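Throughout, read-outs are computed from the coordinates displayed, never taken from laboratory work. Treat the numbers as computed from the prediction; the structure is a model and nothing was measured. Every residue, glycine among them, receives a Cβ derived from its backbone with ideal geometry; neighbour counts consider all protein chains shown.
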Amino acid sequence: MKKLFPFLLFLTTSWGQSYTVKILGVLAADVEQTVHDSGMIEFKTQNRGLFDLIWPVNNVYIAQYDSNSFALKSWNKRIKQGEFTQNISAKMDFLGFLAYDENTLIETPKPIHTIFTLLAMVQSRSYDKLDSKWFNYEQEGLLGQARFVWADSSNTWNGKDSTLCDHYRLDIKINDTSRKIEKQTDYFLAQMISEDTVKEMWVSRALPKKIIKAQLKTTLFPVIATINE
């Protein structure tokens with residue numbers, strides 16, 4: 001029993017949610033999110049139905065962060081998006097640089113965040129600790145700032161019932177592109193920094209906090225993800 005206890009404890013330190021993504025009301029993708037108390041968040045995305053036939057996608061994103069400040073420690077992604085494939089990883093080194101490899105060191109302001117550490121943060125902190133506060137942001141060598149702007153608290157449908165949520169708009173502004181490490185990126189990260197995309201999410205107030213709904217309003221169509229409960 002003593003040998004089993006650490007393993008059982010590990011099982012209680014992570015939780016996950018699955019989401020259905022629809023475009024114009026049509027099933028487009030499944031997303032799985034897993035958050036670990038130790039300071040790690042994982043996302044897996046796979047296209048479904050007609051979208052999978054036309055444009056198959058199987059992407060994995062992982063970020064490790066300080067569990068108190070949500071400052072980035074490391075992150076990586078594995079992208080299979082149609083014919084486009086990409087594998088990227090980076091880690092904060094002992095000098096405080098974000099190292100993509102030994103020749104690509106990004107000097108960042110501290111603490112630094114990515115979209116993934118921000119998503120972990122919004123599922124932990126209350127709206128009054130987030131609203132309109134700017135956080136340093138990094139994405140594949142691009143540097144800027146991000147903030148959650150609280151709009152209201154309202155009931156949002158979670159698939160079974162309505163739940164009280166904080167509604168946010170996520171703003172990301174890139175102001176330094178001089179250290180961009182890739183010419184091309186995946187669709188999700190491209191939309192995160194697009195000035196033409198409005199990013200919104202509804203996060204439950206009840207604990208444990210969860211993203212109940214997320215929406216990207218692009219120039220062509222809205223992309224809506226809703227939790228499966």
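Brief remarks on what is shown
- Note on segment 203-229 and segment 168-188: Cα centroid distance 21 Å, given to the nearest whole angstrom.
- For Lys110, the aspartates and glutamates whose Cα comes closer than 18 Å to its Cα, not counting residues fewer than 8 places off in the same chain, are Asp66, Asp93, Glu138, Glu140, Asp176.
- Between the residues Leu207, Thr117, Thr104, the greatest Cα displacement towards the positive end of the dipole of segment 76-208, with unit charges on the Cβ of Lys, Arg, Asp and Glu, is found for Leu207.
- For Ala151 and Thr85, a Förster radius of 45 Å and the Cβ-Cβ distance give a FRET efficiency of 0.75, rounded to the nearest 0.05.
- With helices as the sole contributors, the chain gives -3000 deg cm²/dmol at 222 nm; each DSSP H run of n ≥ 4 counts as -39500 (n - 2.57), and the sum is divided by every residue.
- Legend: distances between Cα atoms for Lys91/Lys210; Lys44/Lys209; Lys22/Lys183; Lys91/Lys129; Lys77/Lys183; pairs beyond 25 Å are Lys91/Lys210; Lys22/Lys183; Lys91/Lys129.
- Residue exposure sequence - Glu138, Glu42 - by fewest surrounding Cβ within 10 Å: Glu42, Glu138
- Potential lengthening of the chain between Asp196 and Thr218 amounts to 7.3 nm, from the contour at 0.36 nm per residue minus the alpha-carbon distance.
- Anchor Lys160: aspartates and glutamates whose Cα lies under 19 Å away (excluding residues fewer than 8 positions away in-chain): Asp30, Glu32, Glu229
- Sorted fewest first by neighbouring Cβ atoms within 10 angstrom, Phe188, Phe116, Phe84 come out as Phe84, Phe188, Phe116.
- Among Ile23, Ile227, the ranking by other beta carbons within 10 Å of each residue's beta carbon, starting with the fewest, stands as Ile23, Ile227.
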